[in-house]
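Participant: Okay, here's the structure, questions in a sec.
The values are calculated or read from the model by the stated rules, or taken from the named source; none is laboratory data. Just so you know, these numbers come straight off a predicted model, no measurement behind them. Because the Cβ atoms are built from the backbone with ideal geometry, glycine has one as well, and the counts that use them run over all protein chains shown.
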Amino acid sequence: MIFDYTLVLLIPALLLSLFAQWKVKSTFQKFSEVPSRAGISGAGAAKKLAKRENVPVSIEQGRGFLSDHYNPKNNSLMLSPDVYQGRSISSLGVAAHELGHAIQKKEGYWPMYIRSGLVPVASFGSQLSMLLFFGGLIMGYQELLYAGIVLFSAAVLFTLVTLPVEFDASKRAMNLLQKHSVISGKEVKKVRAVLRAAALTYVAAAIMAVAQLLRLIFLARSTE
């Protein structure tokens with residue numbers, strides 16, 4: 001009964017996550033069919049903006065759908081084929097967003113450095129926390145329960161810190177695209193729709209993480 005009760009906490013977050021996944025895919029696909037006025041590819045736009053802003057970054061084509069990301073270790077943008085080669089509104093928005101992360105590093109945007117520092121801790125915590133927690137739950141060791149909660153909290157903190165980093169990257173993307181006339185005034189709303197849909201996935205991930213943390217806390221307290 002305890003497990004059934006606490007799982008209710010995850011239902012709203014799960015529904016939001018499913019909606020966010022549908023929203024980002026459908027929005028990307030919708031505007032990937034809308035050619036940009038500039039007629040430039042995502043890779044071309046990223047290279048142009050990087051040059052204009054004097055950002056030292058390599059731009060490469062990766063694999064997979066919406067697998068786009070920025071690697072701060074080697075200062076590279078890895079753009080998915082649809083974004084790298086595409087000449088659509090979606091391609092420009094996503095490519096500029098990833099370049100926004102490179103500019104964050106160049107300008108010393110501190111939340112980005114905090115997130116980068118949390119990566120190993122969050123990765124370790126998310127993997128070991130559940131093992132400790134449910135091991136403690138089964139064996140009746142409160143110490144293990146709370147050790148698991150503390151470790152999982154690091155993963156939750158990572159998702160929360162990710163929010164301002166991603167929002168800021170999208171804001172920078174919009175400013176860059178307009179500043180350097182890569183998009184027209186009529187295209188602003190469309191690009192913003194793509195970036196907002198992508199941002200929703202990070203919001204959903206943060207809410208899911210917080211909901212899971214609350215569930216673990218309720219489970220731990222129910223055993224006292």
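Participant: If Thr6 satisfies every condition in (1) in a loop (DSSP other than H, G, I, E, B); (2) touching a Leu at 6+ places or on another chain (Cβ under 6 Å) but one, which is the exception?
Facilitator: Against the list (1) in a loop (DSSP other than H, G, I, E, B); (2) touching a Leu at 6+ places or on another chain (Cβ under 6 Å), Thr6 comes up short only on (1).
Participant: Specify which of the listed residues (Ala45, Ala38) is modelled with pLDDT of 95 or more and of a type in the set (A, V, I, L, M).
Facilitator: Ala45
Participant: Could I ask something else about it? What single numbered condition from (1) part of a helix (DSSP H, G or I); (2) out of contact with any Lys or Arg (no Cβ under 7 Å at 6 or more places or on another chain) fails to hold for Ser181?
Facilitator: Here Ser181 meets the rest and fails (1).
Participant: Turning to a different aspect of this structure: Kindly check whether there is at least one residue in segment 67-82 that is in contact (Cβ under 8 Å) with a residue 60 or more places away in the chain and either within 30 Å of Gln212 (Cα to Cα) or not basic (Lys, Arg) (or both).
Facilitator: First, the residues of segment 67-82 that are in contact (Cβ under 8 Å) with a residue 60 or more places away in the chain: none.
For segment 67-82, residues in contact (Cβ under 8 Å) with a residue 60 or more places away in the chain and either within 30 Å of Gln212 (Cα to Cα) or not basic (Lys, Arg) (or both): absent.
Participant: Have a look at Val165, Val119 and point out the one that is more than 21 Å from Ile89 (Cβ to Cβ) and touching a Lys or Arg at 6+ places or on another chain (Cβ under 7 Å). Steps first, please.
Facilitator: Values: Val119 fails: touching a Lys or Arg at 6+ places or on another chain (Cβ under 7 Å).
Of the residues listed, the single one that is more than 21 Å from Ile89 (Cβ to Cβ) and touching a Lys or Arg at 6+ places or on another chain (Cβ under 7 Å) is Val165.
Participant: Also, I was wondering about something else. Out of Phe152, Phe167, report the one residue that is among the aromatic types (Phe, Trp, Tyr), part of a helix (DSSP H, G or I), at pLDDT below 95 and on the phi < 0 side of the Ramachandran plot. Full working, then the answer.
Facilitator: On the way: Phe167 fails: at pLDDT below 95.
Among Phe152, Phe167, only Phe152 is among the aromatic types (Phe, Trp, Tyr), part of a helix (DSSP H, G or I), at pLDDT below 95 and on the phi < 0 side of the Ramachandran plot.
Participant: So which residues in segment 192-213 are under 18 Å from His69 (Cα atoms) and among the hydrophobic types (A, V, I, L, M, F, W, C), if there are any at all? Spell out how you get there, then give the answer.
Facilitator: If we filter segment 192-213 for residues that are under 18 Å from His69 (Cα atoms), which is where we start, we get 194-203, 205.
Matches in segment 192-213: Val194, Leu195, Ala197, Ala198, Ala199, Leu200, Val203, Ala205.
Participant: Do you know which residues across segment 94-113 are of a type outside the set (Asp, Glu) and under 15 Å from Ile59 (Cα atoms)? It would help to see each step written out before you state the result.
Facilitator: Taking segment 94-113 and keeping what is of a type outside the set (Asp, Glu), we get 94-97, 99-106, 108-113.
Once the filter is applied, which keeps residues that are of a type outside the set (Asp, Glu) and under 15 Å from Ile59 (Cα atoms), segment 94-113 yields Val94, Ala95, Ala96, His97, Leu99, Gly100, His101, Ala102, Ile103.
Participant: Across segment 22-32, which residue is surrounded by the fewest Cβ atoms within 10 Å (Cβ to Cβ) among those that are farther than 22 Å from Ser181 by Cβ and touching a Ser or Thr at 6+ places or on another chain (Cβ under 7 Å)?
Facilitator: Of all residues in segment 22-32, those farther than 22 Å from Ser181 by Cβ come to 22-30.
Right, trim to touching a Ser or Thr at 6+ places or on another chain (Cβ under 7 Å) and you get 24, 28.
Values: Val24: 19, Phe28: 25.
Out of the qualifying residues, it is Val24.
Participant: Assess whether Ile138 counts as being at pLDDT below 85 and β-branched (Val, Ile, Thr). First the steps, then the outcome.
Facilitator: Working: at pLDDT below 85: yes; β-branched (Val, Ile, Thr): yes.
Here the answer is yes, as Ile138 does meet what is asked.
Participant: Which one of Ile59, Ile114 is over 18 Å from Thr162 (Cβ atoms) and either touching a helix residue (DSSP H, G or I) at 6+ places or on another chain (Cβ under 7 Å) or modelled with pLDDT under 95 (or both)?
Facilitator: Only one candidate qualifies: Ile59.
Participant: Consider only pairs whose beta carbons are under 6 Å apart and that are at least six residues apart or on different chains; among these, list those whose first residue lies in segment 140-157 and is over 14 Å from Leu118 (Cβ atoms) and whose second residue is of a type in the set (Gly, Ala, Ser) and surrounded by fewer than 18 Cβ atoms within 10 Å (Cβ to Cβ).
Facilitator: Once the first residue is over 14 Å from Leu118 (Cβ atoms) and sits in segment 140-157, its partners that are of a type in the set (Gly, Ala, Ser) and surrounded by fewer than 18 Cβ atoms within 10 Å (Cβ to Cβ) give Leu144/Gly135.
Participant: Could you tell me whether Ser129 is out of contact with any strand residue (DSSP E or B) (no Cβ under 6 Å at 6 or more places or on another chain), closer than 30 Å to Ser41 by Cα and in a helix (DSSP H, G or I)?
Facilitator: When the stated conditions are applied, Ser129 does not pass them.
Participant: I'm trying to understand the selection: among the residues of segment 83-112, which are touching a residue at least 60 places away in the same chain (Cβ under 8 Å) and either more than 20 Å from Gln21 (Cα to Cα) or over 16 Å from the mean Cα position of the chain (by Cα) (or both)?
Facilitator: From segment 83-112, those touching a residue at least 60 places away in the same chain (Cβ under 8 Å) are 89-90, 92-94, 96-101, 103-104; that's our starting set.
Correct list: Ile89, Ser90, Leu92, Ala96, Leu99, Gly100, His101, Ile103, Gln104.
Participant: Let me ask something else. Taking Ala173 and the conditions (1) at pLDDT 90 or above; (2) more than 25 Å from Asp68 (Cβ to Cβ); (3) of a type in the set (A, V, I, L, M); (4) in contact with a Gly (Cβ under 8 Å, 6 or more places away or on another chain), which numbered condition does it fall short on, given that it satisfies the others?
Facilitator: It fails just one condition, (2).
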